[in-house]
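Notes for the one structure printed next.
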Amino acid sequence: MEQNNYQGALQQPIGSGFNAASTASDVIKGIDLTGKIAIVTGGNAGIGLETTKVLAAAGATVIVPARDLDKARKNLEGIPNVELGVIDFMEPDSIDAFAETFLATGRPLHLLINNAGIMWVPLRRDSRGIESQLATNYLGQFQLTARLWPALKSANGARVVSVSSLGHQMGEFNFEDPNFLHREYQTLQAYGQSKTASNLFALELDNFGKKHHVRAYSLHPGSIHGTELGREASLELFQQMGFLDSQGNLLPEVLASLKTIPQGAATTVWCATSPMLDTFGGVYCEDADIAELSLENNPFENQRGVKPYSQDETNAKKLWKWSEQVTGISYIW
């Protein structure tokens with residue numbers, strides 16, 4: 001009987017030997033990616049840039065689709081084995097165009113790293129009326145993976161890694177009003193909802209994809225110092241989250257808990273390359289290992305783990321159907 005991770009059945013650490021202090025270079029040590037093709041969305045900044053560097057150094061050819069090509073060229077200068085493309089996750093047509101360009105090369109796709117994301121932004125909507133965090137952090141993953149599916153299948157051994165967040169604990173997926181049309185917009189709830197969706201996507205994608213030797217994973221990279229993700233968040237929001245004091249200074253205990261960018265990219269790279277994950281998927285990972293289920297009632301009670309609602313079979317199947325309806329895309333298995 002094949003294993004799946006419905007209801008978090010596989011959510012137990014497997015003794016990877018790594019921890020929160022491990023870096024992306026640590027977890028890929030000894031792994032040769034020569035001849036492998038990878039796509040890293042958001043691969044020109046933050047932990048995405050570190051992911052690109054480490055995969056390329058291990059021999060992979062890394063394609064980085066970016067919205068701002070000038071910025072991407074500057075940030076990626078001097079890194080070998082890197083190609084650039086254009087994508088804007090708020091513009092569904094650009095996702096299709098990028099995928100068509102890649103498929104036209106006839107190459108297989110061994111690693112798809114769904115890293116691009118936004119966080120804690122004001123209410124915005126894409127051209128379909130989809131709330132921006134949901135569009136960028138989740139529906140873009142669903143659409144891009146679908147369009148690249150032929151290349152993933154042809155790799156005869158591929159992984160789809162979606163960067164989620166502990167922030168999924170801030171919100172279940174609201175099937176009645178996912179786009180905040182009939183409720184007050186709360187940016188933290190919207191962020192949490194988008195990351196819950198990313199977890200459910202990996203869960204269901206793995207269930208369908210394993211027969212084609214495509215495995216899927218979601219992960220929390222950690223709270224990371226030095227990225228651009230929180231650039232639109234207000235001072236009050238950071239204070240509400242308990243990150244800043246009343247004067248706007250980062251609390252010492254918070255600073256001590258933050259990961260560096262190389263540490264923040266470690267779990268992504270581990271999910272993408274570790275042989276320990278060869279035989280199963282659909283799991284949510286943190287600190288370069290599989291996470292445990294988080295059963296506490298309060299969000300962020302212990303700053304760890306994955307909520308059962310984001311590993312639930314009914315939720316995963318319901319979200320998949322909703323995503324197909326919203327995007328007009330059905331996967332061809």
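Quick look at the numbers
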| quantity | calculated |
| --- | --- |
| Pairwise label distance in nanometres, Ala21 with Arg67, each label 7 Å out on the Cα-Cβ vector | 3.7 nm |
| Charge dipole of the chain about the Cα centre (unit charges at C-beta), most positive-ward option of Gly59, Ile130, Val326 | Gly59 |
| Order of Trp333, Trp270 under a 10 Å beta carbon neighbour criterion, fewest first | Trp333, Trp270 |
| Chymotrypsin sites (Phe, Trp or Tyr not before Pro) restricted to region 93-161 and DSSP loop, no more than 12 other C-beta within 10 Å | none |
| Cα-based shape type of region 6-64, given that a ≥ b ≥ c are square roots of the gyration tensor eigenvalues and the cut on a/c is 1.5 | prolate |
| Of (1) 54, 46, 40; (2) 57, 43, 38; (3) 54, 47, 37, the label for Cα extents along the principal axes in Å derived from the coordinates | (1) |
| Exposed-loop-free span, longest in the chain, where trypsin sites (Lys or Arg not before Pro) count as exposed if DSSP calls them loop and at most 12 other C-beta atoms lie within 10 Å | 30-182 |
| 15 Å Cα cut-off, lysine pairs counted over region 6-327 (separation 8 or more, or different chains) | 7 |
| Computed over the chain: relative contact order in percent, which uses C-alpha pairs under 8 Å that are six or more apart | 24 percent |
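We did not get these values from a lab; they are worked out from the coordinates using the rules stated. These figures come from a predicted structure and were not determined experimentally. Every residue, glycine among them, receives a Cβ derived from its backbone with ideal geometry; neighbour counts consider all protein chains shown.
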